[in-house]
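The values are calculated or read from the model by the stated rules, or taken from the named source; none is laboratory data. Note that the structure is predicted; figures quoted are calculated from it, not measured. Quick reminder, even Gly has a Cβ in these numbers, built from the backbone with ideal geometry, and neighbours come from all protein chains shown. Heads up: the accessible areas ignore ligands, DNA and RNA and are worked out on the full protein's heavy atoms, side chains in. Shrake-Rupley method; radii C 1.70, N 1.55, O 1.52, S 1.80 Å.
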Amino acid sequence: MKNQLKIGVILSYVTMAIQNIIAIVYTPVMLRLLGQSEYGLYQLVYSVVSYLGLLSFGFGSAYIRFYSRLKIKNDTDGISNLNGMFITVFSVIAVITLLAGSILVGNVENLFSQSLTIQEVQTARILMILMVINLAVSFPSSVFDSYVTAHECYFFQRILSLLTVVLNPLITLPLLLMGYKSIALVVASTILTFGKLIINYWYCLKKINMKISFRHMSFGLLKEIGIFSSYLFLNMIVDQINWSVDKFVLGMFSGTTAVAIYAVGGQINTMYMNLSTSVSSVFIPRVNAIVAKDENNNKDLTELFTRVGRIQFIILALIFGGFCVVGRYFIEIWAGKNYRTAYIVALILIAPVTVPLIQNLGIEIQRAKNMHKFRSIVYFLIAIFNVIISIPLAKSYGEVGAALGTMITMTIGNIILMNWYYQAKIKLNIIYFWKNIFELIPAVGISIVIAYICKKYIIVNNIGSFLIVGIIYVTVYAVCMFSFGMNKYEKELVKKPIKRLLRKR
């Protein structure tokens, strides 16, 4: 089982790396084959249909918890009934998704007639039909995926995920070259969703002996699962609003071009966000161990919270500063000159999200202390506020205005209110945390200033100058951070692998 875990972790990083490489290489090709308007149309329809994903009500995240509880008791009949219950629930959700989706399909013209052409409305209808089918199939498929996770069959799961990542562009590109435009993206995704369902079903029944029983549906257990999932559902709503509402609003009032530009900026933000979880996730067991031993041991929790936050800031600040310096040219060569404004959108989204990213270990501290309800409620209220202010801002300033709405609400909720909560209720020493973070700011600031000075003498207008300025920035950042930014612990994290490599040689 330990080997499965190690292989799973390694393959997770491999999948993440390949996914980012494919995104960097494949996205510009896809954008040019689609065109800005067509890509914006695809993103718009996706943002609408993705709201139907909320129909899962957070149940998917609850499966492993309740499975584990029955597994400890060796209750095989209970597990069979649990499997049957989840398949039944998600099959019902799939049917509801198809019904709700048919209503959306019938109202495409009413939703977007102000901003889309007649041809775009027809294409949107086809895209929506395929996306709804895709989503409906994914619901029952998620039960088998959860069962594989519960059995810790990480090798199979990660290989399947890796294959999905690799096959997606391989299926899509020929269809794009044949002229199927945005429909090709959804067709490829739908093929892979059906394929994943079939493979997961076969693996669960034939390889890990999954038993399914529909005879005994425990409504008491279903109610318990529903209560547990309620706050997870609230978090789903928040994420859906924060990262999809801007594209929906832009589609209604500004058209597909604005949606496309915002989507490119949003994709940069997504890749940036993915960088932080690899560090904090390693420390989750330690957080729970500290809280289990002494829930009021806030000193050790603050030390761990700060230590992880500093490491995450060092990584994220490197990316953020580099994007500030050469991000505009990167967007132009990656997505195209028509997407220049995506640079501003990305910066507006990345800046406020940096704070919750360096504090995401705090989420685990809240859960360990069973004090995560406040976060869910606050984020929900802030997400509603995001909708309210994003509409007028999007009308006035397009994609930049929509991003500003998200930035304002994230600053209020994710930064101001959550830092107050950490200090006042969770009892973490936030003043100590920020004092430690601010010690790193001079190294970041000097690196960015020097890189901007270099840009005055080295005009970034080709790949060569882009790489030169980028290398100068990374070098100065590394020297400054190691010289007067990092503490002794962080320097040792850098020195140890270097020393090991030298010893081997």
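Could you pull out the residue among SER141, SER146, SER182, SER115 that is modelled with pLDDT under 80, hydroxyl-bearing (Ser, Thr, Tyr) and open to solvent by less than 40 Å² (accessible area, probe 1.4 Å)? First the steps, then the outcome.
Working: SER141 fails: modelled with pLDDT under 80; SER146 fails: modelled with pLDDT under 80; SER182 fails: modelled with pLDDT under 80.
Matching residue, one of SER141, SER146, SER182, SER115: SER115.
Looking for something touching a Ser or Thr at 6+ places or on another chain (Cβ under 6 Å) and surrounded by 15 or more Cβ atoms within 10 Å (Cβ to Cβ) - is there at least one such residue anywhere in segment 402-419?
Step one: of segment 402-419, the residues touching a Ser or Thr at 6+ places or on another chain (Cβ under 6 Å) are 402, 405.
Now drop any that are not surrounded by 15 or more Cβ atoms within 10 Å (Cβ to Cβ), which leaves 402, 405.
Yes, because at least one residue in segment 402-419 is touching a Ser or Thr at 6+ places or on another chain (Cβ under 6 Å) and surrounded by 15 or more Cβ atoms within 10 Å (Cβ to Cβ).
Please specify each residue of segment 427-467 satisfying the condition of being aliphatic (A, V, I, L, M) and closer than 17 Å to VAL308 by Cα.
The initial filter retains those residues of segment 427-467 that are aliphatic (A, V, I, L, M), namely 428, 430-431, 437, 440-441, 443-444, 446, 448-451, 453, 458-460, 463, 467.
Across segment 427-467, the qualifying residues are LEU428, ILE430, ILE431, ILE437, LEU440, ILE441.
Among the residues of segment 309-338, the one identified as under 17 Å from GLY266 (Cα atoms), out of contact with any Lys or Arg (no Cβ under 7 Å at 6 or more places or on another chain) and surrounded by 23 or more Cβ atoms within 10 Å (Cβ to Cβ) is ALA335.
Would a scan of segment 301-308 turn up a residue that is open to solvent by 40 Å² or more (accessible area, probe 1.4 Å) and either more than 30 Å from CYS480 (Cα to Cα) or free of Cβ contacts under 8 Å to residues at least 12 places away in the same chain (or both)? For segment 301-308, residues open to solvent by 40 Å² or more (accessible area, probe 1.4 Å) and either more than 30 Å from CYS480 (Cα to Cα) or free of Cβ contacts under 8 Å to residues at least 12 places away in the same chain (or both): present.
Where residues in segment 420-450 are aliphatic (A, V, I, L, M) and either open to solvent by 30 Å² or more (accessible area, probe 1.4 Å) or free of Cβ contacts under 8 Å to residues at least 40 places away in the same chain (or both), which of them is farthest from MET371 (Cα to Cα)? Ranking the qualifying residues of segment 420-450, first place goes to ILE450.
Would you please name the residue that is most open to solvent (accessible area, probe 1.4 Å), looking only at residues in segment 157-179 that are in contact (Cβ under 8 Å) with a residue 24 or more places away in the chain and under 16 Å from VAL25 (Cα atoms)?
Restricting attention to segment 157-179, the residues satisfying the condition of being in contact (Cβ under 8 Å) with a residue 24 or more places away in the chain are 157-162, 164-169, 172-173, 176-177.
Right, trim to under 16 Å from VAL25 (Cα atoms) and you get 165-169, 172-173, 176.
Working: VAL165: 26, VAL166: 54, LEU167: 70, ASN168: 52, PRO169: 15, THR172: 1, LEU173: 54, LEU176: 12 Å².
Within segment 157-179, the match that is most open to solvent (accessible area, probe 1.4 Å) is LEU167.
The residues in segment 146-204 that are in a helix (DSSP H, G or I) and over 30 Å from SER37 (Cβ atoms) can be counted, and the count is 25. Each residue in segment 451-499 was checked for being within 30 Å of GLU332 (Cα to Cα), of a type in the set (S, T, N, Q) and exposed (fewer than 14 other Cβ atoms within 10 Å of the Cβ), and 3 pass.
Just checking, does segment 396-408 include any residue being farther than 30 Å from LEU44 by Cβ and either in contact with a strand residue (DSSP E or B) (Cβ under 9 Å, 6 or more places away or on another chain) or not aliphatic (A, V, I, L, M) (or both)? For segment 396-408, residues farther than 30 Å from LEU44 by Cβ and either in contact with a strand residue (DSSP E or B) (Cβ under 9 Å, 6 or more places away or on another chain) or not aliphatic (A, V, I, L, M) (or both): absent. Going through segment 335-346 one residue at a time, which ones are in a helix (DSSP H, G or I) and within 19 Å of ILE459 (Cβ to Cβ)? Residues satisfying the conditions are LYS337, TYR343.
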